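The values are calculated or read from the model by the stated rules, or taken from the named source; none is laboratory data. Every value quoted in this text rests on a predicted model; they were computed, and no experiment measured them. Cβ: placed from backbone, ideal geometry, glycine included. Neighbour counts: every protein chain shown. Note: areas computed on protein heavy atoms with side chains; ligands, DNA, RNA excluded. Shrake-Rupley method; radii C 1.70, N 1.55, O 1.52, S 1.80 Å.
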Amino acid sequence: MRKKIIFWTISMVLILSDFTKAGDASTAPITSAKSLALGGYNYAGLDGITTTFQNPGKILSTPGFGLAMNIIDRAGQQQCQKGSRDIHRSYLFNDFSGSAGIYWVPNQKFGLAMVYNRALDYSVRWPLALMFTENGITRLYGFQLKSRLIADAYSQVFGLQVGKMSLGAAINIYQIYQQFEFPISNPEWQTNRTNPVYALNLEQEDNAIGWSLGFILPITTTIKVGGSIRSGVDFDLEGNAKTDCFYALDSLAKKSRLHSRFQIPMTGGIGILYKPTDQLNLNIDLSSEFWGSTQSKLDFNYSDTAWSAIIAAAPRDSITGYWRSEMPFYDRNSFVFAIGLEYSGENNLKYRIGYNYQTTPNSDRSYSLLLPNVNQHRISAGIGFLFNQFYLDLSIAYSVGVAKDIKKSQDEYFYGKYDTKTIIPSINVEYQL
């Protein structure tokens, strides 16, 4: 019976991840298969060393020496509908990421760990076709709209027992990569007979350091409370901007150095773990990302002064609607409410289900095909079992969006009804000595 359950769970994870292939327009990190199955956070629960990125106070929960690895596949699709016939849907592809860690907890009082996590993994890609008619001839131009934000976090985690409370602290080193790609128009195309639209590609990266603190405190023999706070991080992004537009217009360079500022917000959360029986665990969690305290737009500063002069004359594109000098960005705090239930069965099998509701940091002004986040409901399920010294967790989650309608009176370019759906399978393996 146990082998059949494991076989069918692995089969469903692989089949569903292959059927639906796309990116995920969400900023919340996923740190382990077990936490994913229990709603995504499980601040006060015991679910592996990689989740110390969410709450470093968990480090003392895994005594001894061990290794852990987590693999995640985000598979979904975004949609924007303008009227009954004009429907935009994002490309289909897979976004694989994960986490890994090594820990040493020699006793109940002290522990160390080194952990890697994908702190941010935001990806949206859309096909876009633009038609232009000149002298009775219609031309079709195809483009890719792309928004990519990846932040990898390398954490050194320290744990200390103070009375009944487990305390944890971490130093997080971030590597961030950001890319926007969208078309811009040539205002003189009817005069000089060059193409009316060209792709603009903006790529930047940087490194920075942040910190996090967390705790787990047993209140009674059946109730634990856990929580954490993770610092915001400021990045000075550097990179390149590329387009053929200004070369066709004024024979300018096709590339310019690019600089902008970017902030990852402070994040905080708290959770309760209730154990009514030896076989049941119930977790309730609340988490928030404080995007409202970060930049409300991204400013793009070009080192090429000729580029800057052209862009300053027409900062927003009259055809595509995108700003060449800035990008409206998140300006609202977002939160997640999560709940999960774990049942310990026979043969070391554990069965898990979960639900969460997460809000978007998007305000009405920041919606576009590059930033289509909507509020989401997510349900999840998974199993876990122990085999000799190996722990294996398998989970799968499905998110459905709460459609958001942006009126044309609010934005003449990026109006429409935005929606999303996502499937997230995950596998976690841990070896403990």
Would you mind stating whether Phe110 is over 30 Å from Phe215 (Cβ atoms) and surrounded by 14 or more Cβ atoms within 10 Å (Cβ to Cβ)? no
Of the conditions (1) touching a strand residue (DSSP E or B) at 6+ places or on another chain (Cβ under 7 Å); (2) over 18 Å from Lys255 (Cα atoms); (3) among the polar types (S, T, N, Q), the single one that Thr194 does not satisfy is (1)
Only one of Pro196, Pro183 is modelled with pLDDT under 95, within 27 Å of the chain's Cα centre (by Cα) and either of a type in the set (Val, Ile, Thr) or farther than 30 Å from Ile270 by Cα (or both). Can you tell me which? Pro183
Within the range 394-405, can one find any residue that is surrounded by 19 or more Cβ atoms within 10 Å (Cβ to Cβ), in contact with a Leu (Cβ under 6 Å, 6 or more places away or on another chain) and basic (Lys, Arg)? no
Which of the residues spanning the range 205-216 are under 23 Å from Leu160 (Cβ atoms) and open to solvent by 50 Å² or more (accessible area, probe 1.4 Å)? Ile209, Trp211, Leu213, Phe215
Take the residues in the range 33-54 that are in a loop (DSSP other than H, G, I, E, B) and among the aliphatic types (A, V, I, L, M), then tell me which one is most open to solvent (accessible area, probe 1.4 Å). Leu46
Does Leu369 meet the test of being more than 20 Å from Ile30 (Cα to Cα) and in contact with a Cys (Cβ under 8 Å, 6 or more places away or on another chain)? yes
Does Gly57 qualify as being in a helix (DSSP H, G or I) and either modelled with pLDDT under 90 or not β-branched (Val, Ile, Thr) (or both)? yes
Out of the residues in the range 162-195 meeting the condition of being under 21 Å from Thr50 (Cβ atoms) and polar (S, T, N, Q), tell me which one is most open to solvent (accessible area, probe 1.4 Å). Gln175
Quick one: which strands (runs of 3 or more DSSP E) lie wholly within the range 294-386 and hold at least 1 residues that are open to solvent by less than 20 Å² (accessible area, probe 1.4 Å) and more than 25 Å from Arg257 (Cα to Cα)? 334-344, 350-358
Restricting the range 116-138 to residues that are part of a strand (DSSP E or B) and free of Cβ contacts under 8 Å to residues at least 12 places away in the same chain, the residue that is most open to solvent (accessible area, probe 1.4 Å): Met131
